[in-house]
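Before any comments, here is the structure.
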């Protein structure tokens, strides 16, 4: 029995078999032979970009029955060539994690608790605040020079937006009169 255990040892299989590099059959055990990849059951693979930073690593998102089952690095990506950092590797939690919110939460000024709002109410609140801030903080001129701007709000975008989305946001905030417009993707 002890000798039989040694014959199953991966290092011995590597030296005595044809897999000298130890990356194929020599590295497999009975336990690993029964394991199937998490990506095997996917209906389709969707190409995506990691949302965490401005690098823009490519991701393959594996989907089964409309639900994300796994996210891995995209080997076809010229940016990351299939590699992901620890944050990118954990991005599956963004879609399936227990801490993900699926509803709008609002905390009133000086409030201590969150309350649920429907999306239409939240969007109306945002629009009303933008309009009111623009009215209250609009500058036609400063020190005799025409400005036609507001310093009452700004835009700070993230790296998850692509160039086209950032272009549209820049156009929107410029049309609203904002001058402080920045995004992380530019850095």
ask   = Is it true that some residue in the range 42-52 is over 19 Å from the mean Cα position of the chain (by Cα) and surrounded by 10 or more Cβ atoms within 10 Å (Cβ to Cβ)?
value = yes
Next on the checklist: Condition (residue is in a strand (DSSP E or B) and out of contact with any strand residue (DSSP E or B) (no Cβ under 6 Å at 6 or more places or on another chain)) applied to the range 105-121: is it met by at least one residue?
Outcome noted: yes
Flagged in the range 137-173 as under 29 Å from residue 48 (Cα atoms) and part of a helix (DSSP H, G or I), in numbering order, are 163, 164, 165, 166, 167, 168, 169, 170, 171, 172, 173
task = Check whether at least one residue in the range 131-152 is surrounded by 12 or more Cβ atoms within 10 Å (Cβ to Cβ) and within 30 Å of residue 56 (Cβ to Cβ), and report yes or no.
result = no
Within the range 87-111, residues modelled with pLDDT under 90 and either surrounded by fewer than 11 Cβ atoms within 10 Å (Cβ to Cβ) or on the phi > 0 side of the Ramachandran plot (or both) come out as 97, 98, 99, 100, 101, 102, 103
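For the range 65-86, give me the residue count where each residue is over 24 Å from residue 163 (Cα atoms) and loosely packed, with under 14 Cβ neighbours inside 10 Å. Lay out the reasoning, then the answer.
Our first condition is that a residue be over 24 Å from residue 163 (Cα atoms); within the range 65-86, this holds for 65-70, 86.
Checking which are loosely packed, with under 14 Cβ neighbours inside 10 Å leaves us with 65-67, 86.
Counting residues in the range 65-86 that are over 24 Å from residue 163 (Cα atoms) and loosely packed, with under 14 Cβ neighbours inside 10 Å gives 4.
Look through the range 62-75, keep the residues that are out of contact with any strand residue (DSSP E or B) (no Cβ under 7 Å at 6 or more places or on another chain) and not in a strand (DSSP E or B), and return whichever of them is modelled with the highest pLDDT. Before you say what the answer is, go through the steps one by one.
Looking only at the range 62-75, we keep the residues that are out of contact with any strand residue (DSSP E or B) (no Cβ under 7 Å at 6 or more places or on another chain), and these are 64-67, 75.
So of that shortlist, the ones also not in a strand (DSSP E or B) come out as 65-66, 75.
On the way: 65: 91, 66: 88, 75: 94.
The qualifying residue modelled with the highest pLDDT is 75.
The values are calculated or read from the model by the stated rules, or taken from the named source; none is laboratory data. These numbers were taken from a predicted model, which means no experiment stands behind them. Cβ coordinates were reconstructed from backbone atoms using ideal geometry, including for glycine residues, and neighbour counts include every protein chain displayed.
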